[in-house]
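Dropping the structure in here first, questions after.
The values are calculated or read from the model by the stated rules, or taken from the named source; none is laboratory data. If you're wondering where the values come from, they're calculated on a predicted model, not measured in any experiment. Because the Cβ atoms are built from the backbone with ideal geometry, glycine has one as well, and the counts that use them run over all protein chains shown.
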Amino acid sequence: MTLMPERTAIAVFAELALAYFLSASNRAIIATQAPTQVQELALNAADLELLPGAYFLGFSLIQLPSCTWLDRKGPKWVESMLLPVAVAGFVAFSQATSFVGLMLSRFLC
């Protein structure tokens, strides 16, 4: 068994730690931002409940393609391609000014 070089191991760990942090914060962000979103974007309870649904819909739709990509390209390529999409979703979520913008950005995340 060959060991991964230390620098590569640190880079892989950092990327996966960032992905985990984004995933964990993505689940909690609606609860912490709900009062602000209700006030600034005039959302109601039904709208707030749809936002996590958009996240899980996007998550479930990418499962089968990502498994195929993992087999064909490998985890390094898949993580390197999907993590920037999630980051773009977070940036779009922070800049969204409407319910549709929030839904689309959550779908990207």
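Report whether or not Leu64 is part of a helix (DSSP H, G or I), closer than 16 Å to Leu104 by Cα and modelled with pLDDT of 85 or more. Walk me through how you get there before you give the answer.
Working: part of a helix (DSSP H, G or I): yes; closer than 16 Å to Leu104 by Cα: no; modelled with pLDDT of 85 or more: yes.
When the stated conditions are applied, Leu64 does not pass them.
In addition: Can you work out which of the residues in the stretch 86-96 that are surrounded by 12 or more Cβ atoms within 10 Å (Cβ to Cβ) and either hydroxyl-bearing (Ser, Thr, Tyr) or under 15 Å from Ala54 (Cα atoms) (or both) is modelled with the highest pLDDT?
Ala92
Could you figure out which of (1) surrounded by 14 or more Cβ atoms within 10 Å (Cβ to Cβ); (2) hydrophobic (A, V, I, L, M, F, W, C); (3) in a helix (DSSP H, G or I); (4) modelled with pLDDT of 85 or more isn't true of Leu43?
The number of the failed condition is (3).
I want to confirm something. Restricting to the stretch 1-18 and keeping residues that are surrounded by fewer than 10 Cβ atoms within 10 Å (Cβ to Cβ) and assigned to a loop (DSSP other than H, G, I, E, B), which single residue is modelled with the lowest pLDDT?
From the stretch 1-18, those surrounded by fewer than 10 Cβ atoms within 10 Å (Cβ to Cβ) are 1-3, 5-7; that's our starting set.
From what's left, assigned to a loop (DSSP other than H, G, I, E, B): 1-3, 5.
Values: Met1: 63, Thr2: 77, Leu3: 82, Pro5: 88.
Looking at residues that are surrounded by fewer than 10 Cβ atoms within 10 Å (Cβ to Cβ) and assigned to a loop (DSSP other than H, G, I, E, B), I get Met1.
Which ones in the stretch 1-18 are of a type outside the set (A, V, I, L, M, F, W, C) and closer than 12 Å to Lys76 by Cα? Give the derivation first.
Initially, the stretch 1-18 is screened for residues of a type outside the set (A, V, I, L, M, F, W, C), giving 2, 5-8, 15.
Those that are of a type outside the set (A, V, I, L, M, F, W, C) and closer than 12 Å to Lys76 by Cα: Thr8, Glu15.
Which numbered condition in (1) more than 17 Å from Leu108 (Cα to Cα); (2) touching a residue at least 12 places away in the same chain (Cβ under 8 Å) is the only one that Val78 fails?
Of everything listed in (1) more than 17 Å from Leu108 (Cα to Cα); (2) touching a residue at least 12 places away in the same chain (Cβ under 8 Å), Val78 misses just condition (1).
Another question, then. Could you check, for the stretch 19-30, whether at least one of its residues is farther than 20 Å from Gly101 by Cα, surrounded by 13 or more Cβ atoms within 10 Å (Cβ to Cβ) and in contact (Cβ under 8 Å) with a residue 60 or more places away in the chain?
Looking through the stretch 19-30, at least one residue is farther than 20 Å from Gly101 by Cα, surrounded by 13 or more Cβ atoms within 10 Å (Cβ to Cβ) and in contact (Cβ under 8 Å) with a residue 60 or more places away in the chain.
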